[in-house]
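Here the structure comes first, spelled out in structure tokens, and everything after it is commentary.
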Protein chains: 2
Amino acid sequence: MEVTKAFAALSDPTRLAIVTRLAERGEVDVMDLVPDFPISQPAISRHVKVLEESGWVTRRKVGTRRPIRLAPGRLDEIIVWSGRLRATLRANYARLDDLLAEKDIPE
Amino acid sequence: MEVTKAFAALSDPTRLAIVTRLAERGEVDVMDLVPDFPISQPAISRHVKVLEESGWVTRRKVGTRRPIRLAPGRLDEIIVWSGRLRATLRANYARLDDLLAEKDIPE
DNA sequence: AATTTATATAACGATTCGATTATATAGTAT
DNA sequence: ATACTATATAATCGAATCGTTATATAAATT
């Protein structure tokens with residue numbers, strides 16, 4: 001399954017924060033992120049690489065800087081996935097209620 | 001950040017599949033899952049525990065069986081999070097386009 | 001050419017993860 | 001009481017993750 005990789009990339013607070021910041025600011029250099037996190041520059045670079053490899057982020061080259069921005073495909077994927085799951089859940093909700101009414105026993 | 005835990009729980013293909021199946025079937029016993037995955041019963045039990053601890057799943061007690069079902073809160077959380085992120089992204093999209101038009105240099 | 005700046009990579013260690021097998025527990029049925 | 005069924009827990013192990021410091025690279029500046 002492919003969406004698991006999108007989720008795995010967001011399972012780290014630093015990476016989630018980077019994604020959030022990119023949505024807010026559009027584009028940032030990797031070094032701009034460093035002072036805002038309590039970890040080293042190589043650690044930030046590694047997180048950015050994970051985000052890039054998982055399809056969350058694209059990188060450009062501008063002189064010696066490497067500005068990154070969100071690639072929207074992953075977000076769309078999650079929105080579609082979660083929307084479908086909720087639709088499925090709702091479609092089966094009445095049936096589930098029947099089951100529970102019939103045999104629910106509290107722990 | 002709290003949503004990272006919801007994502008972490010779905011970063012494993014087995015757990016994602018369990019969540020999907022729960023949306024489809026409403027409620028299943030832990031042992032019903034076992035034959036459908038190429039891993040052992042204890043491994044399934046562990047995954048279910050992770051899903052429970054991360055708030056994706058609730059468990060009942062019916063005799064010796066432990067039927068589980070989705071707790072919808074986590075899904076709602078992801079839908080809200082992703083919707084907000086997309087809104088933020090769109091709000092900043094025009095500004096991002098300006099930036100790129102001005103200084104975009106392909107790698 | 002030498003230095004500085006921005007970033008990436010390498011080597012390492014601690015921790016976490018996901019799997020296994022073996023065993024425990026708690027209901028149910030005999 | 002005994003045995004069977006459904007599930008959980010424990011011990012262990014190898015792989016992956018996340019951090020660090022040290023070093024490499026590549027473009028910009030002097």
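The values are calculated or read from the model by the stated rules, or taken from the named source; none is laboratory data. Model, not experiment: these values are computed from the prediction. Cβ coordinates were reconstructed from backbone atoms using ideal geometry, including for glycine residues, and neighbour counts include every protein chain displayed. Heads up: the accessible areas ignore ligands, DNA and RNA and are worked out on the full protein's heavy atoms, side chains in. Shrake-Rupley method; radii C 1.70, N 1.55, O 1.52, S 1.80 Å.
When each of A:R74, A:R21, A:R15 is tested for being out of contact with any Asp or Glu (no Cβ under 9 Å at 6 or more places or on another chain), open to solvent by less than 60 Å² (accessible area, probe 1.4 Å) and more than 13 Å from DNA strand D (Cβ to nearest atom), the lone residue that passes is A:R74.
Within the range B:50-80, how many residues turn out to be part of a strand (DSSP E or B) and under 13 Å from the mean Cα position of the chain (by Cα)?
Within the range B:50-80, residues that are part of a strand (DSSP E or B) and under 13 Å from the mean Cα position of the chain (by Cα) number 2.
Considering each residue of the range B:31-52 in turn, at least one proves to be farther than 25 Å from A:S54 by Cα, within 10 Å of DNA strand D (Cβ to nearest atom) and modelled with pLDDT under 95.
Checked against (1) open to solvent by 30 Å² or more (accessible area, probe 1.4 Å); (2) in contact with a strand residue (DSSP E or B) (Cβ under 8 Å, 6 or more places away or on another chain); (3) over 23 Å from B:A9 (Cα atoms), A:E52 meets all criteria but (3). Any residue at all in the range A:2-9 that's surrounded by fewer than 16 Cβ atoms within 10 Å (Cβ to Cβ), under 30 Å from B:E27 (Cβ atoms) and modelled with pLDDT under 95? Looking through the range A:2-9, at least one residue is surrounded by fewer than 16 Cβ atoms within 10 Å (Cβ to Cβ), under 30 Å from B:E27 (Cβ atoms) and modelled with pLDDT under 95.
Filtered by the rule that a residue be within 20 Å of A:E24 (Cβ to Cβ) and either more than 9 Å from chain B (Cβ to nearest Cβ) or at pLDDT below 95 (or both), the range A:70-107 gives A:A71, A:P72, A:G73, A:R74.
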